[in-house]
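Beneath this line is the structure, given in structure tokens, with notes to follow.
Every number here is computed from the coordinates shown, using simple stated rules; none is lab data. In this text the structure is predicted, and so the values were computed from the model without any measurement. When we count neighbours, we look across all protein chains shown, and the Cβ atoms used for this are built from the backbone with ideal geometry, even at glycine.
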Amino acid sequence: MNVELRHLRYFIAVAEELHFGRAAARLNISQPPLSQQIQILEQQVGARLLARTNRSVSLTAAGKQFLVDSRQILSMVDDAAARAERLYLGEAGELRIGFTSSAPFISAVSATLSSFRRHFPDVHLQTREINTREQIAPLNEGSLDLGLMRNTQLPDSLEWQVILREPLMAMIPHDHPLASRPTVSLVELAKEPFVFFDPQVGTGLYDDILGLMRRYGLTPTITQEVGEAMTIIGLVAAGLGVSILPASFKRVQLREMRWVAIEEKDAISEMWLVWSKHRELSHAAQRFKTQLMTASRGRNV
């Protein structure tokens with residue numbers, strides 16, 4: 001059996017028109033080739049599908065069932081083509097994004113996630129909270145399409161774009177003398193008990209902030225090491241020390257703690273969008289990347 005899709009379309013036209021001349025005109029072909037193709041179809045199927053007389057054409061019992069099945073087959077083919085097109089255009093499929101804990105606090109990121117989900121509901125948006133260093137391997141292996149991470153040392157296999165440069169800010173217990181100051185210096189902060197990330201956690205902020213302090217010859221006395229930024233905020237609010245985080249975290253406001261600007265002009269952190277250099281980005285990933293870069297232009301934290 002070698003039934004082609006065109007045979008099904010020819011048959012459906014004849015079955016719906018019940019007239020070879022009208023069916024041929026509908027298909028933009030002449031009548032003799034159409035009659036020949038229907039005969040070939042019946043031979044391939046092994047059943048008489050149409051009852052013909054000099055005056056009429058009608059469907060046999062086999063033809064009626066074949067009409068139902070032919071319509072279903074062509075509908076499935078059309079649906080498959082539409083799904084493939086939507087997947088190619090980035091309107092369907094899956095998009096896997098890794099992000100650090102600070103990424104959702106950035107307005108451009110949260111706005112892009114919301115907009116993308118709203119405009120492309122058929123794309124399964126899978127997000128994973130994962131620290132900067134731990135995103136590198138999944139991006140290289142292809143289990144992540146895109147990564148949102150803090151500036152860090154990346155292998156040559158990954159490409160990146162800056163989506164945000166934001167100031168670093170000091171977090172100080174509300175009853176501390178420095179809390180009432182409009183600005184504080186890194187020197188002043190380094191003299192205080194410091195609450196910070198555990199170096200084993202692998203967050204990009206660890207290298208980012210301690211590297212900044214080292215540039216000024218400072219080494220803070222870290223008295224509390226934790227795994228999450230929110231834990232740092234909580235411990236500072238509890239009066240266990242001071243710390244530094246990007247300004248995007250300023251959305252978290254606790255009455256027991258104050259956010260204070262840092263005097264040094266280079267107290268800046270960057271958020272990067274990262275992807276594999278050796279893997280082609282899906283259209284969904286390209287759409288998200290374009291939307292995020294557009295949203296981040298000229299936008300505040």
Worksheet item: Working out 0.36 nm times the residue gap between Ile29 and His124, then minus their Cα-Cα distance, what length gain in nm do you get to one decimal?
Response: 29.8 nm
Discussion item. Relative contact order for segment 26-109: what percent, with Cα pairs under 8 Å and sequence separation of 6 or more?
Written reply: 12
Fill in: Label-point gap, in nm, between Ser180 and Glu228 - each point 7 angstrom along Cα→Cβ
3.4
Practice prompt. Evaluate the distance, in nm, between pseudo-label points positioned 7 Å from the Cα of Asn2 and of Ser75 along their respective Cα→Cβ axes.
Written response: 3.0
Worksheet item: Among Gly241, Gly46, Gly142, whose mean-square fluctuation peaks in a Gaussian network model of the chain (Cα, cutoff 10 Å)?
Response: Gly46
Worksheet, complete the sentence: From DSSP H assignment alone, runs of 4+ in the chain each adding -39500 (n - 2.57), the sum over residues rounded to the nearest 500 puts [θ] at 222 nm at -13500 deg cm²/dmol
Discussion item. Under 5 Å between amide hydrogens, which residues at least 5 positions from Phe197 or on another chain qualify, with H placed 1.01 Å from N in the peptide plane?
Written reply: Val226
Worksheet item: To the nearest Å, what is the center-to-center distance of segment 2-37 and segment 63-126, using C-alpha atoms only?
Response: 35
Discussion item. Please compute the contact order of the chain in relative form: average sequence separation of alpha-carbon pairs under 8 Å and at least six residues apart, divided by the residue count, as a percent.
Written reply: 22
Item to complete: Any chance you could give the angle, 0 to 90 degrees and rounded to 10, that helix 283-296 forms with the longest Cα principal axis of the chain?
Response: 40
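May I ask you to derive the relative contact order of segment 30-182, considering only C-alpha pairs under 8 Å and at least 6 residues apart, and to give it as an integer percent?
Normalised by residue count, the contact order of segment 30-182 is 17 percent.
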Worksheet item: Of the beta bridges DSSP finds with both residues in the chain, what % are antiparallel, to the nearest 5?
Response: 60
Practice prompt. Among (1) -0.73, -1.24; (2) -0.67, -1.47; (3) -0.87, -1.36, find the value of log10 I(q)/I(0) by the Debye sum over Cα atoms at q = 0.11, 0.17 Å⁻¹ that was calculated from the structure presented, and write down its label.
Written response: (1)
Worksheet, complete the sentence: Summed over the other residues with a beta carbon less than 12 angstrom from that of Val187, with K and R at +1 and D and E at -1, the charge totals -3
